[in-house]
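Note sheet for the following structure.
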Amino acid sequence: MNKITKLSFQRNRQHVTVFLDNGQSFSLHGELVLKRGLKVGQSLDETQILKLLQQSQLISLYYHITNLIAIRPRSEFEIKTRIKQQFNKLNNKICKQFPIFTAIDYAIASQKIIERLVENNFINDETFATWWVEQRLAQKAKGEFALAAELAAKGIDRQIIAKTLAKQSLLKPENKQQTIKDLLAKQWQKIAYKKPDKKKAKQLLIQRLLSRGFAWEDIKIQIDEFLDTQYNNAR
């Protein structure tokens with residue numbers, strides 16, 4: 001058994017360094033120190049210390065994720081990826097100081113953190129998908145294919161993707177056609193100075209709109225009429 005000789009908050013004010021009478025020290029999250037009522041003079045055996053380190057690890061992981069979410073919303077897949085990265089990082093750090101430390105099983109740790117995040121409304125893939133699409137459309141004109149691919153890369157379920165895209169007003173047929181019309185005009189300005197022939201211009205414009213995730217079925221409605229107007233005006 002070793003007695004606590006000093007408790008000192010670290011610079012980040014989130015973690016506390018626990019000093020023992022055998023000269024050893026270790027770091028715990030401040031929330032856990034308060035929750036467990038740790039105090040100077042209290043005795044801890046090795047088993048208790050290792051259990052405290054496991055519990056502190058979970059709390060630190062939770063707040064690491066909430067800090068990321070404060071920067072921008074995250075999908076559940078993104079969060080699980082970051083939990084695993086940080087989990088391994090914390091394990092390596094603790095094991096250097098306590099070689100006999102056995103980390104809580106990753107699957108259990110991840111599930112506990114996810115449950116707490118869901119309980120506090122930090123995880124909701126439907127909300128995330130809506131936010132993501134709105135942000136992307138506000139930045140640049142994009143078609144549903146590109147947006148669907150981006151959401152899939154974030155681990156969003158297909159049904160949620162379909163539901164999210166279906167309710168976006170900018171992706172409704174009438175608004176989508178206006179977006180394509182505006183984008184054609186914008187892209188035309190980028191190639192007009194090269195004076196391409198009509199066939200080449202059509203090829204370039206189609207490629208550029210397809211790369212933005214617009215479907216050929218939507219592009220073909222306007223491409224010929226747009227080019228006819230441009231080349232007739234140029235005569």
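The values are calculated or read from the model by the stated rules, or taken from the named source; none is laboratory data. Predicted model only: the values in this text are computed from it and were never measured. In this analysis, Cβ positions are derived from the backbone assuming ideal geometry, glycine residues included, and neighbour counts consider all displayed protein chains.
Numerical summary
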{"quantity": "Cross-chain or 6+ apart pairs with Cβ under 9 Å, the range 174-187 first and of a type in the set (Phe, Trp, Tyr), then modelled with pLDDT of 90 or more", "calculated": "none"}
{"quantity": "Verdict on residue 162 being among the small types (Gly, Ala, Ser) and crowded, with 16+ Cβ neighbours inside 10 Å", "calculated": "no"}
{"quantity": "Yes/no for residue 129 being within 30 Å of residue 177 (Cβ to Cβ), at pLDDT 90 or above, within 17 Å of the chain's Cα centre (by Cα) and small (Gly, Ala, Ser)", "calculated": "yes"}
{"quantity": "Options 208, 212; residue that is outside the structural domain of residue 75 (by TED's automatic domain parsing), within 31 Å of the chain's Cα centre (by Cα) and either loosely packed, with under 11 Cβ neighbours inside 10 Å or farther than 29 Å from residue 78 by Cβ (or both)", "calculated": "208"}
{"quantity": "Residue list for the range 215-235, restricted to those being part of a loop (DSSP other than H, G, I, E, B) and either among the aliphatic types (A, V, I, L, M) or surrounded by 12 or more Cβ atoms within 10 Å (Cβ to Cβ) (or both)", "calculated": "215, 221, 222, 234"}
{"quantity": "Some residue of the range 165-178 being at pLDDT 90 or above and of a type in the set (S, T, N, Q)", "calculated": "no"}
{"quantity": "Among (1) modelled with pLDDT of 90 or more; (2) within 26 Å of residue 173 (Cα to Cα), the one test that residue 70 misses", "calculated": "(2)"}
{"quantity": "Residues that are in a helix (DSSP H, G or I) and not polar (S, T, N, Q), drawn from the range 200-214", "calculated": "200, 201, 202, 204, 205, 206, 208, 209, 210"}
{"quantity": "Residue list for the range 10-51, filter: hydrophobic (A, V, I, L, M, F, W, C) and either modelled with pLDDT under 90 or farther than 24 Å from residue 113 by Cα (or both)", "calculated": "18, 19, 20, 26, 40, 44, 49, 50"}
{"quantity": "Qualifying residue in the range 27-38 (condition: exposed (fewer than 15 other Cβ atoms within 10 Å of the Cβ) and assigned to a loop (DSSP other than H, G, I, E, B))", "calculated": "yes"}
